[in-house]
Amino acid sequence: MKNALLLGGTGFVGAHVCEKLVRAGWSVTVATRRAQNAREVQHLPSLTVLEVDVHDASALARAAAGHDAVVNLVAILHGSPAAFNRVHVELPQKIAAACASAGVTQLVHISALGANAQNPAALPSLYLRSKSQGEAVLLASCSQLALTILRPSVIFGAGDKFLNLFASLQKLFPFMPLAGADARFQPVWVEDVATAVVKSLERSAPGVQTLEACGPGVYTLKELVEISAKLAGVNRGRGRPVIGLPNWAGQLQARMMELKPGDPLMSRDNLASMQVPSVATPGMPGLEALGLQPAALEPVARDYLSQGSPWHDLLGVRLRSHFR
């Protein structure tokens, strides 16, 4: 049985990766600062929870010992330049060193669609620049590994903080003022991303492969917000009016959100990231290169957004037929 060390295994994507790795016959170690964070996956057979600070280089090297593979899912969407650098650049550097010292032969790293390891400075946001710099670090340090870099578009699925969030907001407000309404995405199902991680670990020969993880459909942010409301039964499936904001108003909206405690719903750096379309790059290999046919958004999202809606049994029939 092969052993995988999973960083970020307690998050939305991580839980799915844990389950699929276990089902594929892997022994999985989930590294987390607090064991209680892993309560959703700790019941899985052949899975061990290890309390460790992954940003401590020595502790990370010890954690990597005895493992055949490392999967890095750790990422942030909001933060200071120092925070982005710590998570997206310094951590991959420490992971590369830990793999080298522990004799790890495989590494899967989740990056982001729109990243550009060859020219990070050309990108408009801290998020994309730091993701690109992290890729560059791995490309320079991991020539002896079977390294896979996965670049997903926005990830959806039951429990996501994307479509669920937009649906919830529209249950509260009569209309939706929306910054970045014309930004383009190619959403990918979390189950497909998790399967891609497992498939990537089937490759053991040293070398680098960079894959884009996208679903089959391209949508604007406005279209995604409208779909989320309709599938969730907001306003009896009609949704709410979505009003795209001009850039100055979108910047103001994001600035106001940044002032609230906790992670903002949207930041100015998020808006900057959306200047780069999160869609497949012509000529780049995608999930199909792993033998995967990515799932369409509407049938999957319908199943989890419609749960608990009062119209689900009756009016939902009409809505389901509309999206077929």
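The values are calculated or read from the model by the stated rules, or taken from the named source; none is laboratory data. Note that the structure is a prediction, hence the values are computed from the model and not measured. Every residue, glycine as well, gets a Cβ built from its backbone with ideal geometry; the counts of neighbours run over all protein chains shown.
If you go through the stretch 131-151 and keep only what is within 21 Å of the chain's Cα centre (by Cα) and free of Cβ contacts under 8 Å to residues at least 24 places away in the same chain, you end up with Ser132, Ala136. Put simply, of Ala75, Ala100 the only residue that is farther than 21 Å from Val13 by Cα, among the hydrophobic types (A, V, I, L, M, F, W, C), in contact (Cβ under 8 Å) with a residue 40 or more places away in the chain and surrounded by fewer than 24 Cβ atoms within 10 Å (Cβ to Cβ) is Ala100. Within the stretch 1-25, the set of residues being assigned to a helix (DSSP H, G or I), of a type in the set (A, V, I, L, M) and in contact (Cβ under 8 Å) with a residue 60 or more places away in the chain comprises Val13, Val17, Leu21. All told, Leu47 meets the bar of being under 23 Å from the mean Cα position of the chain (by Cα), modelled with pLDDT of 95 or more and farther than 24 Å from Ile149 by Cβ.
Quick one: would you say Leu271 is in contact (Cβ under 8 Å) with a residue 24 or more places away in the chain, of a type in the set (A, V, I, L, M, F, W, C), not in a helix (DSSP H, G or I) and not assigned by TED's automatic domain parsing to the domain that holds Ala112? No: the conditions fail for Leu271. Taking the criterion of being of a type in the set (Phe, Trp, Tyr) and either in a helix (DSSP H, G or I) or surrounded by fewer than 22 Cβ atoms within 10 Å (Cβ to Cβ) (or both), the residues of the stretch 154-188 that qualify are Phe162, Phe166, Phe173, Phe175. Is the stretch 282-290 home to any residue that is within 16 Å of Leu150 (Cβ to Cβ) and assigned to a loop (DSSP other than H, G, I, E, B)? The answer is yes, given that some residue of the stretch 282-290 is within 16 Å of Leu150 (Cβ to Cβ) and assigned to a loop (DSSP other than H, G, I, E, B).
Only one of the numbered conditions (1) without any contact (Cβ under 8 Å) to a residue 60 or more places away in the chain; (2) in contact with a Lys or Arg (Cβ under 9 Å, 6 or more places away or on another chain); (3) over 24 Å from Gly237 (Cβ atoms) is not met by Gly262, and that is (2). Selection within the stretch 24-44: residues that are within 21 Å of the chain's Cα centre (by Cα) and surrounded by fewer than 14 Cβ atoms within 10 Å (Cβ to Cβ). The member of this set that is farthest from Lys131 (Cα to Cα) is Arg39.
Taking the criterion of being surrounded by fewer than 20 Cβ atoms within 10 Å (Cβ to Cβ), among the charged types (D, E, K, R) and not in a loop (DSSP other than H, G, I, E, B), the residues of the stretch 219-267 that qualify are Lys222, Glu223, Arg255, Glu258. A single entry from His67, His109, His88 fulfils the requirement of being more than 25 Å from Ala213 (Cα to Cα), surrounded by 22 or more Cβ atoms within 10 Å (Cβ to Cβ) and either free of Cβ contacts under 8 Å to residues at least 12 places away in the same chain or not aliphatic (A, V, I, L, M) (or both): His67. Note on the stretch 5-17: residues that are among the hydrophobic types (A, V, I, L, M, F, W, C) and within 13 Å of Glu191 (Cβ to Cβ) total 4. Under the condition of being buried (at least 24 other Cβ atoms within 10 Å of the Cβ), out of contact with any helix residue (DSSP H, G or I) (no Cβ under 7 Å at 6 or more places or on another chain) and of a type in the set (Gly, Ala, Ser), the residues counted in the stretch 112-137 number 0. Filtering the stretch 50-97 to residues that are in contact with a Lys or Arg (Cβ under 6 Å, 6 or more places away or on another chain) and among the aliphatic types (A, V, I, L, M) leaves Ala57, Leu60.
Scanning the stretch 26-54 for residues that are more than 18 Å from Val104 (Cβ to Cβ) and assigned to a loop (DSSP other than H, G, I, E, B) returns Arg33, Arg34, Arg39, Glu40, Val41, Gln42, His43, Leu44, Pro45, Ser46, Asp53.
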